[in-house]
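The values are calculated or read from the model by the stated rules, or taken from the named source; none is laboratory data. Just so it is clear, the structure is predicted and the values come from calculations on it, not from any experiment. Positions of Cβ are generated from backbone atoms using ideal geometry, with glycine treated the same way; all protein chains shown enter the neighbour counts.
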Amino acid sequence: EQVLNYFEQRCQTSKRMAEQAKHVIPGGVQHNLAFNYPFPLAVTQVSGAHMTDADGNRYIDFLQAGGPTLLGSNYPDVRAKVHALLEECGPVTGLLHEYEIKLAELVCDAMPGVDMLRMMGSGTEAVMGAIRLARAYTGKKRVIKIGGGYHGWSDQMVYGMRLPNTGRMEAIGIPRGATATTQESLPNDLAAIRRKLQWNRLRGGTAAIIVEPFGPESGTRPVTKDFNAQLRRLCDEFDALLIFDEVVTGFRAGMGGAQAYFGVTPDLTILGKCLTGGYPMAGAIGGKREIMMMLVGGIGTTAKRAFVGGTLTANPLSCAAGYFALQEIQRTDAAAKAGRAGDRLRQGLEQIIERLGLPYVAYNMGSIVHLQTSGVMLLDTSNLLKLVRLKNEARQRKHMMEEMGAAYAAHGLITLAGSRIYTSLADTDAVIDDALNRFED
Ligand code: PLP
């Protein structure tokens, strides 16, 4: 309570703006991530590892907009090039622009599973398109998702999505039929996944398994090192497609994504976030040529087509921003450097947890750092091997991590829901050490 009061006192302008917003914006909150505070912080300036709010408070920004800005926020070189492009041709044409090709070439070169790329409006839309494509290609209907995974908010993918520790469904308004062909299986439970594949064989078949390769919800529920390879084998055995949702891991886990990290090639890859360097609209389906060719339509084609669309998709602004950002990510080795910042932060957090005897666990997969009070974690030196079960007194406290998020903010740290941290190229040792002092406070 004390810390929430402190948060409120520091953020009076944000609070006033949030009250004003309530009249015209449901709940006064538009962005999902802004829900994680007593009221959303009104941001006035972002640069690199820092952001400033309307009250002049300065924060270390570990939210990084939910992950897309691996170079750090508002990266000057990319911004300047995007400006120049806007001067030349504006944000959208509805036809072809050279940066569509340049971006697609770059991604196809970098990612083992991507022979061809189709830009989409968002990660959510890319997932919808990929599932449609999987069904069109295989002629089968069911899709198995790995429990706890977030694949955007389309009807068929919010299946089973419950609010942590409440048993309450996250979404209403979804007809039962919309999720009738979606199934959920727990991460690492290969036997259960096999049973579903067998069951489905007699009932319309399995078009695809969709998984976040670092584990559901960006590694909140980590997977064993060979889980993805096992999924690949199962998909091959049952003639289903393997879809990697690399919206978070794409380029953040390295230019080749999690597929290069694990050495497992999916049939289809979903990209978003880093794909356009933090600029709108971040989403794409990538995949094997033969499957991707099912998107081809228009003059001269008679083949059946899996339809996808979007007025603003593949606009020059998004494609150029993505191309400039990915080139820079490659040139600066941003994924590895942000990963080292993540390692330094996680090591420091572990020391704080140990020193203060907190019921927390900190772990990271490169630049994705988790700070959890509950659950089963898989860790090793590279964080994916040793099984740690955390005794969990904090579990009863439903909103503990959100409250901690507000507490961190009151101490100048912006996180994702108090439990996830995205590091970036802008996180120097000095930034991380400053952050650790604030975490300890
Ligand atoms: N897939 C994953 C793994 C995500 O983390 C997200 C968004 O956070 C999505 C899909 C949805 O992407 P978008 O928010 O661009 O619709």
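Find all pairs meeting these conditions: Cβ atoms under 7 angstrom apart; at least six residues apart or on different chains; first residue within the range 31-49 and in the same structural domain as Thr423 (by TED's automatic domain parsing); second residue assigned to a loop (DSSP other than H, G, I, E, B) and β-branched (Val, Ile, Thr).
Every condition considered, the pairs that remain are Phe35/Val29; Pro40/Val29.
Filter the range 265-281 for residues that are more than 11 Å from the ligand (Cβ to nearest atom) and more than 17 Å from Ser47 (Cα to Cα); which is surrounded by the most Cβ atoms within 10 Å (Cβ to Cβ)?
If we take residues in the range 265-281 being more than 11 Å from the ligand (Cβ to nearest atom) and more than 17 Å from Ser47 (Cα to Cα), then Pro266 is surrounded by the most Cβ atoms within 10 Å (Cβ to Cβ).
Which members of the range 25-72 meet the condition of being of a type in the set (Ser, Thr, Tyr), within 16 Å of the chain's Cα centre (by Cα) and surrounded by fewer than 21 Cβ atoms within 10 Å (Cβ to Cβ)?
none
With respect to Arg203, is the statement that it is surrounded by fewer than 24 Cβ atoms within 10 Å (Cβ to Cβ) and within 16 Å of the ligand (Cβ to nearest atom) true?
So Arg203 does not fit the description; no.
Of all residues in the range 105-137, which are basic (Lys, Arg) and away from the ligand (no atom under 16 Å from the Cβ)?
Result: Arg135, single match.
If only one of Lys102, Lys140 is in a helix (DSSP H, G or I) and more than 11 Å from the ligand (Cβ to nearest atom), which one is it?
Sole residue among the options that is in a helix (DSSP H, G or I) and more than 11 Å from the ligand (Cβ to nearest atom): Lys102.
Filter the range 205-249 down to the residues that are in contact with a Pro (Cβ under 7 Å, 6 or more places away or on another chain) and of a type in the set (A, V, I, L, M), then identify the one that is modelled with the lowest pLDDT.
Val223
Looking at Met294, is it in contact (Cβ under 8 Å) with a residue 60 or more places away in the chain and part of a helix (DSSP H, G or I)?
Spelling it out, Met294 is indeed in contact (Cβ under 8 Å) with a residue 60 or more places away in the chain and part of a helix (DSSP H, G or I).
Do we find a residue being modelled with pLDDT of 95 or more and within 16 Å of Arg118 (Cβ to Cβ) anywhere in the range 250-259?
Yes: one or more hits.
When you scan the range 247-264, how many residues do you find that are under 18 Å from Glu105 (Cα atoms), in a loop (DSSP other than H, G, I, E, B) and either within 10 Å of the ligand (Cβ to nearest atom) or in contact with a Lys or Arg (Cβ under 9 Å, 6 or more places away or on another chain) (or both)?
1
Condition check: at pLDDT below 95 and either part of a loop (DSSP other than H, G, I, E, B) or not hydrophobic (A, V, I, L, M, F, W, C) (or both). Does Phe35 satisfy that?
No.
Taking the condition assigned to a helix (DSSP H, G or I) and away from the ligand (no atom under 13 Å from the Cβ), does Arg305 pass?
No, not satisfied.
Would you be able to say whether some residue in the range 79-99 is surrounded by fewer than 22 Cβ atoms within 10 Å (Cβ to Cβ) and touching a strand residue (DSSP E or B) at 6+ places or on another chain (Cβ under 9 Å)?
no
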